[in-house]
Amino acid sequence: MGKQYKALTGKDIDFIKEQKLFYIASCSGQEVNLSPKGYDSIRVLDKGTLLYLDFPGSGNRTYRDAMAGGEFTLVFNAFSGPAMILRVFCKAEPVEKDDARFEGYLSHFGVDGSYIRQLFVFDVYAVESSCGMSVPYMKYEKERKSLKKWAKNLAEDGTLQNYIDDHKEPPSLKDLDTLS
């Protein structure tokens, strides 16, 4: 059923390109982060490198875990067609707007970078495919436009960078007593 190998195959790359939803799991010694990701926000640069376009949101645990050298797993699964789950194990490097590589990487997406929080380059060190036969069939309707609209509005009124800076480090769940 399942197979493990060191780099993405052509079949894996085609599968990734078809998915409308994937998950990023990460950990760096704090709580495990697991986030669903949509939009057209993932690119395969080569068999060992993925590029992720990150929009601003309520937390930035992906950034925290990348900066701490944490571990990442990207999970893609089929909701239509043949059953399959693809896990991509990797390390992540954030590429922020002031990085000389930002515009070059951003060009892979053909979007306006004014409302993007950052990009991530994922260095793949292992891949695992499994059957996914328990994943239900689900129908994709359309993407939600609210996050992009919200981020564009912040960019237009000049407050996006302040928001990004204020949310660079998410609160630790270990400090829950101080959050209420």
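Out of V127, V135, which single residue is β-branched (V, I, T) and either open to solvent by 20 Å² or more (accessible area, probe 1.4 Å) or assigned to a loop (DSSP other than H, G, I, E, B) (or both)? Steps first, please.
Working: V127 fails: either open to solvent by 20 Å² or more (accessible area, probe 1.4 Å) or assigned to a loop (DSSP other than H, G, I, E, B) (or both).
Answer to the check: V135.
Pairs meeting the criteria (first residue in region 57-78 and within 18 Å of R117 (Cα to Cα) and of a type in the set (A, V, I, L, M), second residue open to solvent by less than 10 Å² (accessible area, probe 1.4 Å) and not in a helix (DSSP H, G or I), beta carbons under 9 Å, at least 6 apart or on different chains) are A66/S26; A66/F72; A66/F120.
Applying the set (1) under 21 Å from K20 (Cβ atoms); (2) open to solvent by 40 Å² or more (accessible area, probe 1.4 Å); (3) in contact with a strand residue (DSSP E or B) (Cβ under 6 Å, 6 or more places away or on another chain) to F89 leaves exactly one unmet item: (1). If the condition is being under 11 Å from the mean Cα position of the chain (by Cα) and within 14 Å of I164 (Cβ to Cβ), then region 62-93 contributes T62, Y63.
From K20, K11, grab the single residue that is open to solvent by 20 Å² or more (accessible area, probe 1.4 Å), among the basic types (K, R) and part of a loop (DSSP other than H, G, I, E, B). Steps first, answer last, please.
Numbers: K11 fails: part of a loop (DSSP other than H, G, I, E, B).
Result of the check over K20, K11: K20.
There is at least one residue in region 28-43 that is within 11 Å of the chain's Cα centre (by Cα) and among the aliphatic types (A, V, I, L, M). In region 23-56, the qualifying residues are those that are open to solvent by 80 Å² or more (accessible area, probe 1.4 Å) and touching a strand residue (DSSP E or B) at 6+ places or on another chain (Cβ under 7 Å), and the one that is nearest to N77 (Cα to Cα) is P36. When region 13-49 is filtered for residues that are farther than 15 Å from C90 by Cα, at pLDDT 95 or above and charged (D, E, K, R), the ones remaining, listed by number, are D14, K17, E18, K20, K37, D40.
For first residues located in region 103-124 and within 17 Å of L74 (Cβ to Cβ) and at pLDDT 95 or above, partners that are part of a strand (DSSP E or B) and of a type in the set (S, T, N, Q) and lie 6+ apart or on another chain with Cβ distances below 9 Å form the pairs V121/T49; F122/T49; D123/T49; V124/T49. Would you confirm, using the coordinates I've provided, whether Y115 is under 18 Å from S58 (Cα atoms) and of a type in the set (S, T, Y)? Against the criterion (under 18 Å from S58 (Cα atoms) and of a type in the set (S, T, Y)), Y115 qualifies. Only residues that are touching a residue at least 60 places away in the same chain (Cβ under 8 Å) and not acidic (D, E) were counted in region 10-20, giving 3.
From the list E169, E103, the one residue that fits, being open to solvent by 80 Å² or more (accessible area, probe 1.4 Å) and assigned to a helix (DSSP H, G or I), is E103.
The values are calculated or read from the model by the stated rules, or taken from the named source; none is laboratory data. None of the values given here were measured: they were computed from a predicted structure. Note: ideal-geometry Cβ built from the backbone for every residue, glycine included; neighbour counts use all protein chains shown. Just so you know, the surface numbers come from the protein's heavy atoms only, side chains and all, with ligands and any DNA or RNA stripped out. Shrake-Rupley method; radii C 1.70, N 1.55, O 1.52, S 1.80 Å.
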